[in-house]
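The values are calculated or read from the model by the stated rules, or taken from the named source; none is laboratory data. Not measured: the values here are computed from a predicted model. Note: ideal-geometry Cβ built from the backbone for every residue, glycine included; neighbour counts use all protein chains shown. In case anyone asks, the SASA skips ligands and DNA or RNA and just uses the protein heavy atoms, side chains included. Shrake-Rupley method; radii C 1.70, N 1.55, O 1.52, S 1.80 Å.
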Amino acid sequence: LSLMDYLALVMAKNTDIQLQMLSLETPKNAIQRAFGVWDPRATAQFTSTRATTPPISALDGAAQLKTLNQPLAMSVSQTLPEGINYTVSWGGSKTTSNSTFNNYNPALSSNLAIQFSQPLLQNRGAYVNRLGLMSARSRLKISEFGLKGQMLNLVSAAESAYWDVVSARENLKVAIGARDVSAEFLKLSQKQLELGALSPLDIYNPQQQLATNEVSVAQAR
């Protein structure tokens, strides 16, 4: 397994990284929330009222007075980054009646109003009103840098673990090689001892060296 493949698996399978990625959602949502102060607001209201009343006097103009009233009101308001607030409202109403004295039936009316306001001291200027947005963006940057630092630390730790395993594997190979050399040297010393070319006391050094290398192999493994 190459180092790049190993690190790719670490990034894909590590739960801590996935949890840290989710931590960015809070500052991202804070930026959207900071924009909310400039969102336009629209309202609408409509009612329909129908009434039937008995005549009170001859001026009612009908044997049974029936009226229908339908008012409508709508408005849009928004605060701009400069602090300007505007409101546009319009509406109308429709009134019908079966009275014979009504000159206009149905009677229609409408209205329109436009209002502007500009703060002179508090909340005046785009820079002051964008402080919340800039703070939210700064917190997002801090979170991103923190996440990047944590991921770099995790990758560094994973890479160190990878090379530790490689080093341990190579150390095991070296220890096995040293043990094999010691075993062959012991066999050679035993043959020399059998032929009388080596003192019986000299056989202990190769045996000790082989035993030491066996311990090294066990430790490396």
Review point. Of the residues that sit in segment 3-15 and are touching a residue at least 12 places away in the same chain (Cβ under 8 Å) and not hydroxyl-bearing (Ser, Thr, Tyr), which one is surrounded by the most Cβ atoms within 10 Å (Cβ to Cβ)?
Key: VAL10
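Residue-by-condition table, conditions (1) open to solvent by 50 Å² or more (accessible area, probe 1.4 Å); (2) out of contact with any Phe, Trp or Tyr (no Cβ under 7 Å at 6 or more places or on another chain); (3) under 25 Å from LYS28 (Cα atoms); (4) not hydroxyl-bearing (Ser, Thr, Tyr):
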site	(1), (2), (3), (4)
GLU82	yes, yes, yes, yes
SER89	no, yes, no, no
LYS94	yes, yes, no, yes
THR100	yes, yes, no, no
TYR127	yes, yes, yes, no
LEU131	yes, yes, yes, yes
ALA136	no, yes, yes, yes
SER143	no, yes, yes, no
Exercise for review: Could you check, for segment 188-195, whether at least one of its residues is out of contact with any Lys or Arg (no Cβ under 8 Å at 6 or more places or on another chain), outside any helix (DSSP H, G or I) and open to solvent by 60 Å² or more (accessible area, probe 1.4 Å)?
Suggested key: yes
Review point. What are the pairs, 6+ residues apart or on separate chains, where a residue within segment 100-112 that is closer than 28 Å to VAL88 by Cβ has its Cβ under 8 Å from a residue that is open to solvent by less than 100 Å² (accessible area, probe 1.4 Å) and not in a strand (DSSP E or B)?
Key: none
Practice item. Taking GLN115 as the residue in question, decide whether it is loosely packed, with under 14 Cβ neighbours inside 10 Å and either more than 53 Å from the chain's Cα centre (by Cα) or not in a strand (DSSP E or B) (or both). Key: no
Check your understanding: touching a strand residue (DSSP E or B) at 6+ places or on another chain (Cβ under 6 Å) and either modelled with pLDDT of 90 or more or surrounded by fewer than 11 Cβ atoms within 10 Å (Cβ to Cβ) (or both) - does that describe any residue in segment 204-213?
Key -> no
Practice item. Say whether the condition of being more than 30 Å from THR79 (Cα to Cα), exposed (fewer than 13 other Cβ atoms within 10 Å of the Cβ) and free of Cβ contacts under 8 Å to residues at least 60 places away in the same chain is met by at least one residue in segment 179-186. Key: yes
Revision key, fill the gap. Of those in segment 62-86 that are modelled with pLDDT of 90 or more and part of a loop (DSSP other than H, G, I, E, B), the residue nearest to ARG130 (Cα to Cα) is LEU80
Review point. Which of the following residues is within 30 Å of LEU80 (Cβ to Cβ), assigned to a helix (DSSP H, G or I) and of a type in the set (Ser, Thr, Tyr): SER138, SER156?
Key: SER138
Revision key, fill the gap. Going through (1) over 30 Å from ALA8 (Cβ atoms); (2) under 55 Å from the mean Cα position of the chain (by Cα); (3) open to solvent by less than 100 Å² (accessible area, probe 1.4 Å); (4) not aliphatic (A, V, I, L, M) one by one, SER199 fails only at (2)
**Study point:** Selection within segment 16-57 - free of Cβ contacts under 8 Å to residues at least 12 places away in the same chain, open to solvent by less than 90 Å² (accessible area, probe 1.4 Å) and more than 12 Å from the chain's Cα centre (by Cα)
**Key:** GLY36, PRO55, SER57
**Study point:** Count of residues meeting criterion [surrounded by fewer than 12 Cβ atoms within 10 Å (Cβ to Cβ) and of a type in the set (A, V, I, L, M, F, W, C)] in segment 169-178
**Key:** 0
